[in-house]
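Below you'll find the structure, written out as structure tokens, and then a few comments.
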Amino acid sequence: MADAERQLAVEGAQRVRVAACSMTAGLFFFGGQLWVALVGAKEPTIGVLQGLAPAFKGVAAATVDPRTIHERFLVGHQYSLIASFLISNIGALLMIGPLRYLAAAEQARSATPSRIIGQLALYGPILLAVFLPAFEISLIIGAHHYLSHTARDAAAITAATAGGLRVAFQLILTVGTLSIAAAFIMISLRCMRVGLLTRMMGIVGIISGVLFLIPLTPLPVIQALWLVFIAAMLLQFGGRPLPEAWTAGEARPWPVRERVPRQGRQPREPRPPGRGLRLGAPKQAAVPAPVAPSGPSPSASKKRKRRR
């Protein structure tokens, strides 16, 4: 009982701070990604005909690679790109607060706690926030080296954009993205089971984790909204009380809804045996109608005797 009261006191003391952190995380993460999308919309595209132009002229490779346009774009918009990624990654770092807060609350109420969820919620955002700007800066540095030399062929641009360091950055970013997705999915599912999150919030959190892996939308709208909704729930925005598990200090699973028959509809009565056709049942043979006798009738024989 003392442990539960201590846990409730700690959660109550951190609730406002965690709500502010969750709200800021959602706004910064969405705002940074929106800025990245707006800057990326200005990038000139390389068409198919432009890429195949050297082949049409009978040349194996162009003197100036068509991808030079992209390298010039990176150098021309380097500051805005770095700033937008930094804002987005600040939002990713701020995700640690609400994710670990929910993970600790679920661990205190669950019959089978799991410590790996808190580790995923900690290291996933850190990997994403550190190595995503590092990868972008490495691409910008490579573009500077490419444009500073006279060679602008395919070999030079491959050397500027490839390399073992960038491959390592991409692998680490993949691990960080998987960790964040797993943290969103597992925390939402487990908190929904013990009653810390409503069913709607749990489902939206699971969808948010899946969208980290399969980005169906160009912007993280669902992820940002989930973080904002977590802040609104913790602050009891609109006078809505917290779920009962927060105040009880123990798991309070949501009751299972039972299907109630609609009013006004009578249950269908079972058919009596013998009515209706059943598949595979033998059909009864039709009874033939009675046939009149073929011999002469008695009235006809009497009339013949009288005539005689």
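Of the peptides 150-160, 234-244, the order by per-residue mean of other Cβ atoms within 10 Å, starting with the highest, comes out as 150-160, 234-244.
When ranked by the protection proxy of mean other Cβ atoms within 10 Å per residue, highest first, what sequence do the peptides 19-27, 139-147, 95-103 form?
Working: 19-27: 21.4, 139-147: 17.1, 95-103: 23.7.
Per-residue mean Cβ counts within 10 Å order the peptides as 95-103, 19-27, 139-147.
The residues Phe29, Phe73, when put in order of fewest to most other Cβ atoms within 10 Å, stand as Phe73, Phe29. Looking at His70, Ala92, Ala105, which one has the Cα that reaches farthest to the positive end of the dipole of region 2-248 (charges on Cβ: Lys, Arg +1; Asp, Glu -1)? About the Cα centre, the residue reaching furthest to the positive side is Ala105. Placing a label point 7 Å from the Cα of Ser110 along the Cα-to-Cβ direction, none of the residues of region 197-217 has a backbone N under 12 Å of that point. Derived scalar couplings between HN and Hα for region 124-137 equal x, x, 5, 4, 5, 6, 8, 8, 5, x, 5, 5, 5, 5 Hz in order, rounded to whole Hz, by the Karplus curve 6.51 cos²θ - 1.76 cosθ + 1.60 (θ = phi - 60°), x for Gly and Pro.
What number comes out for the charge environment of Ile206, summing +1 per Lys or Arg and -1 per Asp or Glu over other residues with Cβ under 13 Å away? Walk me through the numbers before you get to the answer.
On the way: positive: Arg190, Arg193, Arg199; negative: none.
Here the charged neighbours net out to +3.
Here, each number is a calculation from the coordinates, and none is a lab measurement. Remember, it's a predicted structure, so these values are computed and weren't measured experimentally. We place every Cβ from the backbone using ideal geometry, glycine too, and count neighbours over all the protein chains shown.
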